Structures are given as C-alpha cells and as structure tokens.
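Trainee: Structure below; questions to follow.
The values are calculated or read from the model by the stated rules, or taken from the named source; none is laboratory data. Fair warning: this is a prediction, and the values are worked out from it, not measured in the lab. No Cβ is skipped: glycine too gets one built from the backbone with ideal geometry, and neighbour counts run over all protein chains shown.
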Amino acid sequence: MANLYEHIQNEDPDIYQALDGEEKREEDGLELIPSENYVSKAVREAMGSVLTNKYAEGYPGKRYYGGQDFTDAVETIAIERAKQLFGAGFANVQPHAGAPANVAMYFALLQPGDTVLGMDLSHGGHLTHGHPVTYLTKVFNFVRYKMKNVETGEIDYDEMLAVAKKEKPKILLAGYSAYPRELDYAKFVAIAREVGAIAVMDVAHIAGLIAGKAVKNPFDYGFDVMTTTTHKTLRGPRGGMILTRENADIAKAVDKAVFPGFQGGPLMNMIAAKAICFREALQPSFASYATQVIKNAQAMADVFVNDGARLITGGTDNHLILADVFSSYDIPGGEAETLLDRAGITLNKNAIADDTRKPMDPSGIRFGTPAITTRGFTEKESARVAELMVSILRKRDDATVSAARSEVKTMAQAHPVPDTFA
C-alpha cells in the first residue's frame, strides 16, 4: 500500500492516513450499499493518469483547444464501447455524475415549465426525478406515480396513464434508487406514445445488470433515452452518461446540453476510466457477475423473509433489498445502520414507501450485493451475511456484534477485491 500512495505519504501525511484507513476499512468489512462497488486497478490507474492535465472542451474532432490527438482517441473508444454495451445509437460519456446527466437530459428535451412524470421518491424514485428539495422543480413541473401494491411492488399503470392524459408530460421517466423489482417497459412506452411523451429510463442502479444481460434492456422495448451512472453495478469510475437509442436530433440536443449548456471541460481521466470499465463489462465474465449479483441478493432476501421481516415489494428482482426494520425488528433505520456498521457491515438507512418517520431516521434500510459479488461471494456466503444481520438486529448486544465483526473480517479477508476483471 505504501507503494501505491508513496508520494501522498511523503507530501501530505494527513491525507495519507485517511487513505490508509479507508483501504483497511474496505479490506476488513463488507460493503452492502447498493450504489457502491469496487473498481479494477486499471480503472484506478486511469483516474490518476496524465489525462487529468488536459482540457478537452468540445467533442472528438471539434475541440476548442489544441493538442487533442489522444483525448479524441480515448473519448471515441469510450463512446463506441458504450454504444456496443447498451445497444445504443448514440452516447455522451462526458457527464461528471448521474445527477448532472439527468439535468442535462432535462435541458436537452424540455423547455422551462414543461412537465415530467416520474416515480415518487418515497416509492423508490430519485431526488433528480422531481423531489421538491431540488432546484429542478423551480424550472420544470414534476408529477409523480407510485406503486399500487407496496407488498408486491406493482406499479399503478392505470393511474400513470390517467395522470399522463391529464398532465401531458413531455417526458415519461422510469428508473429508481430504491425499487427492487423490474418495470414493465412495454407499458411505459405505450403510455408515453399515447400522450406524445419521450420515454426516458434512468438506469443508474441497474446499468451493470443490463450490460450483463441479467435484466431487460429498456431500448429493446422502445425507450428513447437512458441516463446512467458508470459506477454501481457497472463497476466503473464515478461518472455519468446519456444514451440515445436511434434519434439523431435527440442526440444532438443532448450533446449541446452537456457542453456548452451545462458543463465545461470533460474529465478526460474519468472518460478513460469509463472506457476501461466498458471493456471489462463487454467480457463474457461480466455476464456471470451480473447474474450472480441477483442470485446473491435473492439469497439475502430469502433469509429476511424466512425470519418474518417485512421487505418492500416482498423480495427483489435486482441487486437491492429494502427492509422495513422498524416494523420488523422495532429499530429505526438510522440506528440499524449504526449497529450493523459496528459489525463491519456497511449499508444505508432508507425511507420506505409512505414512511411516517423522518428522512434522516427512517423506518428502513437499503442493502445490496454488487460489491460483495465482486469479491467472489456466492449465495451461501451472502445468506450467511444476512443471517448475521438478522441476529444483530434481533439481539443488539455487544457480544453478538463483536462475534459478527470477527466473522465478517474473516469472510472479507478470505475474499479480497480482485486486481482485474478483464
């Protein structure tokens, strides 16, 4: 580890200590936050590469600064790999993160005052899908749809159609940050077409599962645009991307909205890292990884269901689980997060559908399997982690937490993060 950070160790011991601490935390604990994962050493090298020195405002072949021979090559490779990975006609790989990708998408497709119909945050949606705390709501009009049945996860498509007919949204937005089931993409597209809306899917959480063909691809059902992050299940650097199925006019509007409309120069070191992660995801082994992510999540969900816990939607079809620990174990989500963290099990507190508790201390916890699957966990190990979680949530005593911490460390050290995924 000293070799990896030797210059930081010499120049800035304070930052080195923090990096050293995080390295040990990740080595000895289990990461269950569904939006987190590990990257390969190749991706890490690209993020710290010489490309961080270079401004590259514009797009390949159309830059505002000189000296772009190699930046153009890197971005072109990233674009072509992204298109191949998701079956897209066009790709913009410049967004710095998922939220900026969504913002740029809105400005590409909407005029101020236009309406977006998206999933309610309390039912699994995302802040950038129109939550009142975001500035987007000062520019655009957001209306929402919800689940019809919280216990099964069924979306109320009849209500969605009725709202769409009434509100005439310019965008019908699918996607989520805490919804454990697959959506009926055909119904989304049918409703969008009926009201003349553009069908957009935010696949940030499941991009890797789509790339690995473990879940359905919205483009196969007629979606016009997909936005995504490049980390989470895709296992790449933290960044964003906007994909267009076949409409060249939409693609041009997206490019203009990203730059110069919303962002300045792209982060070329991150685009190089994205290109590498796309190559990794194009390998046959990635499909096995994506499938195992879901198997592991379902194994964990089964443990909680068999213990009598209430899971929102009753289980999972993807990489994440949302558990109502307040009604199941009489413990608030925030307290559960802290308690499990003491055992080296990292997850996040999360609101459940129509939660009556406050957002910073909600009724639920959200956890998932992308990171532990990267470490080689299978259903057996994943189920054992869930058993430890249940034991901790039920007993809450120091002895149980300490014993779990020891077992977690043993499991973690037996499954180190691989250096390469290619």
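Trainee: Evaluate the following for residue 403: is it surrounded by 12 or more Cβ atoms within 10 Å (Cβ to Cβ), in a helix (DSSP H, G or I) and in contact (Cβ under 8 Å) with a residue 12 or more places away in the chain? Write out each step before concluding.
Mentor: On the way: surrounded by 12 or more Cβ atoms within 10 Å (Cβ to Cβ): yes; in a helix (DSSP H, G or I): yes; in contact (Cβ under 8 Å) with a residue 12 or more places away in the chain: no.
It is false that residue 403 is surrounded by 12 or more Cβ atoms within 10 Å (Cβ to Cβ), in a helix (DSSP H, G or I) and in contact (Cβ under 8 Å) with a residue 12 or more places away in the chain.
Trainee: So which strands (runs of 3 or more DSSP E) are wholly in region 267-381 and hold at least 2 residues that are out of contact with any Asp or Glu (no Cβ under 9 Å at 6 or more places or on another chain) and hydrophobic (A, V, I, L, M, F, W, C)? Reasoning before the result, please.
Mentor: Numbers: elements: 320-324, 348-350, 364-368.
Per the criteria, 320-324.
Trainee: Hey, any hits in region 82-99 for a residue that's of a type outside the set (Phe, Trp, Tyr), in contact with a Lys or Arg (Cβ under 6 Å, 6 or more places away or on another chain) and over 26 Å from residue 265 (Cβ atoms)?
Mentor: No, region 82-99 contains no residue that is of a type outside the set (Phe, Trp, Tyr), in contact with a Lys or Arg (Cβ under 6 Å, 6 or more places away or on another chain) and over 26 Å from residue 265 (Cβ atoms).
Trainee: Examine region 97-112 for a residue that is in contact with an Asp or Glu (Cβ under 7 Å, 6 or more places away or on another chain) and not in a helix (DSSP H, G or I), and state whether such a residue exists. Before the answer, list the steps.
Mentor: Here is the first cut: in region 97-112, the ones in contact with an Asp or Glu (Cβ under 7 Å, 6 or more places away or on another chain) are 102.
Imposing the further condition that a residue be not in a helix (DSSP H, G or I) reduces the set to none.
No, region 97-112 contains no residue that is in contact with an Asp or Glu (Cβ under 7 Å, 6 or more places away or on another chain) and not in a helix (DSSP H, G or I).
Trainee: Quick check on my filter: what residues within region 193-221 are over 22 Å from residue 108 (Cβ atoms) and among the β-branched types (Val, Ile, Thr)?
Mentor: Scanning region 193-221 gives 206, 215.
Trainee: Pairs needed: first member in region 54-77, more than 19 Å from residue 242 (Cα to Cα); second member anywhere, among the β-branched types (Val, Ile, Thr) and surrounded by 14 or more Cβ atoms within 10 Å (Cβ to Cβ); C-beta distance under 7 Å; at least 6 residues apart or different chains.
Mentor: Final answer for the pair search is 54/71.
Trainee: Same structure, new question: Examine region 29-40 for a residue that is farther than 30 Å from residue 385 by Cα and either modelled with pLDDT of 95 or more or of a type in the set (Lys, Arg) (or both), and state whether such a residue exists. Walk me through how you get there before you give the answer.
Mentor: Taking region 29-40 and keeping what is farther than 30 Å from residue 385 by Cα, we get none.
Within region 29-40 (the criterion being farther than 30 Å from residue 385 by Cα and either modelled with pLDDT of 95 or more or of a type in the set (Lys, Arg) (or both)), the answer is no, since none of the residues qualifies.
The rows are residues; the columns are (1) out of contact with any Leu (no Cβ under 9 Å at 6 or more places or on another chain); (2) crowded, with 16+ Cβ neighbours inside 10 Å.
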residue	(1), (2)
350	no, yes
356	yes, no
374	yes, yes
390	yes, yes
394	yes, no
416	yes, no
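Trainee: Would a scan of region 48-55 turn up a residue that is part of a helix (DSSP H, G or I) and crowded, with 16+ Cβ neighbours inside 10 Å? Don't jump to the end; show me each part of the working.
Mentor: Filtering region 48-55 down to residues part of a helix (DSSP H, G or I) leaves 50-53.
Then drop every residue that is not crowded, with 16+ Cβ neighbours inside 10 Å, which leaves 51.
Checking region 48-55: at least one residue is part of a helix (DSSP H, G or I) and crowded, with 16+ Cβ neighbours inside 10 Å.
Trainee: Provide a single number: the residues in region 182-206 that are under 18 Å from residue 124 (Cα atoms) and either more than 25 Å from the chain's Cα centre (by Cα) or surrounded by fewer than 20 Cβ atoms within 10 Å (Cβ to Cβ) (or both). Please lay out each step first, then the result.
Mentor: From region 182-206, those under 18 Å from residue 124 (Cα atoms) are 182-185, 188, 200-206; that's our starting set.
Those still in the list that are either more than 25 Å from the chain's Cα centre (by Cα) or surrounded by fewer than 20 Cβ atoms within 10 Å (Cβ to Cβ) (or both) too: 182, 184-185.
Residues in region 182-206 being under 18 Å from residue 124 (Cα atoms) and either more than 25 Å from the chain's Cα centre (by Cα) or surrounded by fewer than 20 Cβ atoms within 10 Å (Cβ to Cβ) (or both): 3 in total.
Trainee: If you take the residues of region 241-266 that are in contact with a Ser or Thr (Cβ under 6 Å, 6 or more places away or on another chain) and not in a helix (DSSP H, G or I), which of them is nearest to residue 46 (Cα to Cα)? Before the answer, list the steps.
Mentor: In the first step, residues of region 241-266 are kept if they are in contact with a Ser or Thr (Cβ under 6 Å, 6 or more places away or on another chain); the result is 241-242, 250-251.
Narrowing the set further to residues that are not in a helix (DSSP H, G or I) leaves 241-242.
Details: 241: 18, 242: 21 Å.
Ranking the candidates gives 241 first.
Trainee: Taking region 3-28 as the search range and keeping residues that are farther than 30 Å from residue 319 by Cβ and not in a helix (DSSP H, G or I), which one is modelled with the lowest pLDDT? If you could, list the steps in order and put the result at the bottom.
Mentor: Narrowing region 3-28 to residues farther than 30 Å from residue 319 by Cβ: 3, 5-17.
Subsequent filtering for residues that are not in a helix (DSSP H, G or I) retains 3, 5, 12.
Details: 3: 64, 5: 92, 12: 97.
The extreme case among them is 3.
Trainee: Six or more apart or on different chains, Cβ under 6 Å: which pairs go from a residue in region 189-211 that's touching a residue at least 60 places away in the same chain (Cβ under 8 Å) to one that's acidic (Asp, Glu)? Could you list them?
Mentor: 198/224
Trainee: To continue, here is another question. Can you tell which of 368, 333 is of a type outside the set (A, V, I, L, M, F, W, C), under 25 Å from residue 231 (Cβ atoms), in contact (Cβ under 8 Å) with a residue 60 or more places away in the chain and touching a Pro at 6+ places or on another chain (Cβ under 7 Å)? If you could, list the steps in order and put the result at the bottom.
Mentor: On the way: 333 fails: in contact (Cβ under 8 Å) with a residue 60 or more places away in the chain.
After applying the criteria, what remains is 368.
Trainee: Tell me yes or no: at least one residue of region 219-240 is part of a loop (DSSP other than H, G, I, E, B), surrounded by fewer than 22 Cβ atoms within 10 Å (Cβ to Cβ) and in contact (Cβ under 8 Å) with a residue 60 or more places away in the chain.
Mentor: Within region 219-240, one or more residues are part of a loop (DSSP other than H, G, I, E, B), surrounded by fewer than 22 Cβ atoms within 10 Å (Cβ to Cβ) and in contact (Cβ under 8 Å) with a residue 60 or more places away in the chain.
Trainee: Which residue out of 75, 45 is more than 15 Å from residue 230 (Cα to Cα), part of a helix (DSSP H, G or I), modelled with pLDDT of 95 or more and within 23 Å of the chain's Cα centre (by Cα)? Reasoning before the result, please.
Mentor: Values: 75 fails: more than 15 Å from residue 230 (Cα to Cα).
Among 75, 45, only 45 is more than 15 Å from residue 230 (Cα to Cα), part of a helix (DSSP H, G or I), modelled with pLDDT of 95 or more and within 23 Å of the chain's Cα centre (by Cα).
Trainee: Checking residue 176 against (1) at pLDDT 95 or above; (2) touching a strand residue (DSSP E or B) at 6+ places or on another chain (Cβ under 7 Å), which single condition isn't satisfied?
Mentor: It is condition (1) that residue 176 fails.
Trainee: Here is a list of conditions, (1) among the acidic types (Asp, Glu); (2) in the same structural domain as residue 244 (by TED's automatic domain parsing); (3) touching a Lys or Arg at 6+ places or on another chain (Cβ under 6 Å), and residue 69 meets all of them except one; can you say which number that is?
Mentor: (3)
Trainee: Now for a separate question. Checking residue 323 against (1) of a type in the set (Gly, Ala, Ser); (2) over 20 Å from residue 290 (Cα atoms); (3) over 19 Å from the mean Cα position of the chain (by Cα): exactly one of these is not met. Which one?
Mentor: Checking residue 323 against (1) of a type in the set (Gly, Ala, Ser); (2) over 20 Å from residue 290 (Cα atoms); (3) over 19 Å from the mean Cα position of the chain (by Cα), the one that fails is (3).
Trainee: With the requirement that a residue be assigned to a helix (DSSP H, G or I), over 25 Å from residue 103 (Cα atoms) and aliphatic (A, V, I, L, M), what does region 139-178 give you?
Mentor: 162
Trainee: Identify all residues within region 268-287 that are surrounded by fewer than 23 Cβ atoms within 10 Å (Cβ to Cβ) and over 19 Å from the mean Cα position of the chain (by Cα); write none if there are none.
Mentor: 269, 283, 284, 285
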